[in-house]
1. Which residue pairs have Cβ atoms closer than 6 Å, lie 6 or more positions apart in sequence or on different chains, and pair a first residue in segment 288-309 that is farther than 16 Å from E320 by Cα with a second residue that is assigned to a helix (DSSP H, G or I) and of a type in the set (A, V, I, L, M)?
2. Determine which member of the set E218, E230 is assigned to a helix (DSSP H, G or I), away from the ligand (no atom under 15 Å from the Cβ) and out of contact with any Cys (no Cβ under 8 Å at 6 or more places or on another chain).
3. Any residue at all in segment 95-111 that's touching a residue at least 12 places away in the same chain (Cβ under 8 Å), in a helix (DSSP H, G or I) and more than 22 Å from G308 (Cβ to Cβ)?
4. Conditions: (1) within 16 Å of the ligand (Cβ to nearest atom); (2) within 24 Å of H220 (Cα to Cα); (3) touching a residue at least 12 places away in the same chain (Cβ under 8 Å). P345 meets all but one. Number of the miss?
5. Which residue out of A301, A322 is among the aliphatic types (A, V, I, L, M) and over 24 Å from I40 (Cβ atoms)?
6. Give segment 243-257 a look and list any residue that's more than 15 Å from L319 (Cα to Cα) and in a helix (DSSP H, G or I), or say none.
7. Which numbered condition in (1) within 22 Å of the chain's Cα centre (by Cα); (2) basic (K, R); (3) under 21 Å from R334 (Cβ atoms); (4) surrounded by fewer than 16 Cβ atoms within 10 Å (Cβ to Cβ) is the only one that R289 fails?
Amino acid sequence: MSTDTVGLEKATATAPANIAFVKYWGAVDLERALPVNRSISMTLSHSCTRCTVLPREDGSSHEVYLVDETGDRVEAPEGFAGRVLSHLDRLRGWAGYDGFFRVATRNNFPMATGLGSSASGFAALTLATTRALGRELSPRTLSVLSRRSGSGSAARSAMGGYVEWPGGDVPDVAERGLAAPEDDSGGHARVLAPAEHWDLRDVVAVVETGAKPVPSVEGHRRAGTSPYYERRLELLPDRLERVRRGIRERDLELLGAVLEREAVDLHLVAMSSRPPIFYWTGGTLEVIREVRAMREDGVNAYFSIDAGPNVHVICEPDLEDAVAGRLGSLAAVRTLIRDGVGQGPIVSDDHLL
Ligand code: DP6
């Protein structure tokens, strides 16, 4: 162990998921999760991951567990565990620590269904691990290091409220002295407005709880093969500006129109990629149809869909119950998650190990 890793201790962090208003889809550098385009999201108040990291100076390998809703610990599935192990190795390289970790992680919402579990999971893992190594990170550095997990959207889960992630075209390097070992130019998110600025709600209609058929990383890889990809990029500067203005002026109609176009275009690109990716199911369409019908009845709500079949429905607080009532009555909807805009990650003593 290197001499600067004093204060090794068990640490627990909780980090929020986020819903992208303008989507990250397509990377200039997939391994470093540097996106082609800027994205904007809302950090969520309810959907989150709690993660405990225990340094094991006596161990000879990392151990990764998932904690289920009953509190039982199971070994993490191979694909997810592999991503966690690589990230742990990256973080210990960054901190100059050569020991191992035992990790337990728990989501309060379904994993790998396009609801942002990688974003919250890797932000929580990054914060807990660096804290276990005795490091205090600024939100910017947490954003860069979380992103380096390969889950680009984790860059946004490092912060609360309304968040923009410029990606690789920002000139400043996240606190150079503290950045990853190699030069990691740009790539941290920034807060556009704090959660208190605008109390938006997100009623999530869960139509599928099984893992999505194709991981986002594969979607990013294939994005450029869609004939509509370049066109979407051309449309983005105007969309980004509208979303920023919608947030600044708390104008849900302005924001909502872009949200829905972005949701449709992400899936249009995915469905027209080679080979194509179909995340939507019949249930997704049923929810979209209901949201449009609600608006005709004066219920001002808008849908957004990340890389999965489940639908986020964004509205203001006075309409949340009406939205939940209508979505809850649909045959396709298995459960509803009542969410809203929330704060960034926190460290706590609520350990899982
Ligand atoms: C459609 O590469 O961040 O959600 O590793 O699964 O978290 P995960 O995905 P990531 O891509 C996110 C794609 C998206 C849009 C977005 O969140 O910006």
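The values are calculated or read from the model by the stated rules, or taken from the named source; none is laboratory data. Computed from a predicted structure; not experimentally measured. Neighbour counts run over all protein chains shown; Cβ positions are idealised from the backbone, glycine included.
1. From residues that are farther than 16 Å from E320 by Cα, the pairs are I305/A263.
2. Among E218, E230, only E230 is assigned to a helix (DSSP H, G or I), away from the ligand (no atom under 15 Å from the Cβ) and out of contact with any Cys (no Cβ under 8 Å at 6 or more places or on another chain).
3. The answer is yes; a qualifying residue exists.
4. In the conditions (1) within 16 Å of the ligand (Cβ to nearest atom); (2) within 24 Å of H220 (Cα to Cα); (3) touching a residue at least 12 places away in the same chain (Cβ under 8 Å), P345 misses (2) alone.
5. Going through A301, A322 in turn, the sole match is A322.
6. V243, R244, R245, G246, I247, R248, L254, L255, A257
7. All conditions are met except number (1).
Residues are listed down the side, and each one gets a yes or a no for (1) under 16 Å from A189 (Cα atoms); (2) within 14 Å of the ligand (Cβ to nearest atom); (3) not in a helix (DSSP H, G or I):
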site: G121; (1), (2), (3): no, yes, no
site: T126; (1), (2), (3): yes, yes, no
site: R135; (1), (2), (3): no, no, yes
site: L142; (1), (2), (3): yes, no, no
site: L145; (1), (2), (3): yes, no, no
site: S151; (1), (2), (3): yes, yes, yes
